1. Please go through the range 50-59 and give me each residue that is surrounded by fewer than 16 Cβ atoms within 10 Å (Cβ to Cβ) and not hydroxyl-bearing (Ser, Thr, Tyr), ordered by number.
2. Does the range 27-68 hold any residues that are outside any helix (DSSP H, G or I) and either of a type in the set (Gly, Ala, Ser) or closer than 30 Å to Gln9 by Cβ (or both), and which are they?
3. Quick check on the range 69-91. Is at least one of its residues modelled with pLDDT under 80, assigned to a helix (DSSP H, G or I) and of a type outside the set (Asp, Glu)?
4. Output the residues belonging to the range 4-53 that are under 22 Å from Tyr64 (Cβ atoms), aliphatic (A, V, I, L, M) and out of contact with any helix residue (DSSP H, G or I) (no Cβ under 7 Å at 6 or more places or on another chain).
5. Taking the options Leu44, Leu37, name whichever one is surrounded by 15 or more Cβ atoms within 10 Å (Cβ to Cβ) and over 19 Å from the mean Cα position of the chain (by Cα).
6. Name the single residue, out of those in the range 9-34 being of a type in the set (Gly, Ala, Ser) and surrounded by 15 or more Cβ atoms within 10 Å (Cβ to Cβ), that is nearest to Tyr60 (Cα to Cα).
Amino acid sequence: MERGHPERQKEFLNLAVGAFQKTLALDSENVTAHYTLSLIYSQLGDEAKAAYHRQEHEKYLPDYNAQDRAISIARRANPPPTTPPRPPSSIRCSDRARRSWMAQ
């Protein structure tokens, strides 16, 4: 941004607003666009629009705790099949030693 040139800075911010508005026209639930627009409108001094986009950001922000909890419950309900351990591939051993180790 153009530091020290407020009119130039405002011009860049207005260009950014236009780009993010186009994003929201394609995807009205885009959390990044809403968050960034809230920051831009705050810098431009339009607190009403900034508050609106903060509210929209909060509304569409995913609940990661619920997602993690659902994954944990699903994994407990569907544990992976158990397989016998394999010797590390970096250890070279004879077939007899390998069979002995696998029999454990």
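The values are calculated or read from the model by the stated rules, or taken from the named source; none is laboratory data. Predicted, not measured: the structure shown is a model, and the values here were computed from it. Cβ placement follows ideal geometry from the backbone for every residue including glycine, while neighbour counts extend to all protein chains displayed.
1. Matches in the range 50-59: Ala51, Gln55, Glu58, Lys59.
2. Asp27, Ser28, Glu29, Asn30, Gly45, Asp46, Leu61
3. no
4. If the condition is that a residue be under 22 Å from Tyr64 (Cβ atoms), aliphatic (A, V, I, L, M) and out of contact with any helix residue (DSSP H, G or I) (no Cβ under 7 Å at 6 or more places or on another chain), then Leu39 is the only one that fits.
5. Leu44
6. Taking the candidates together, the pick is Ala33.
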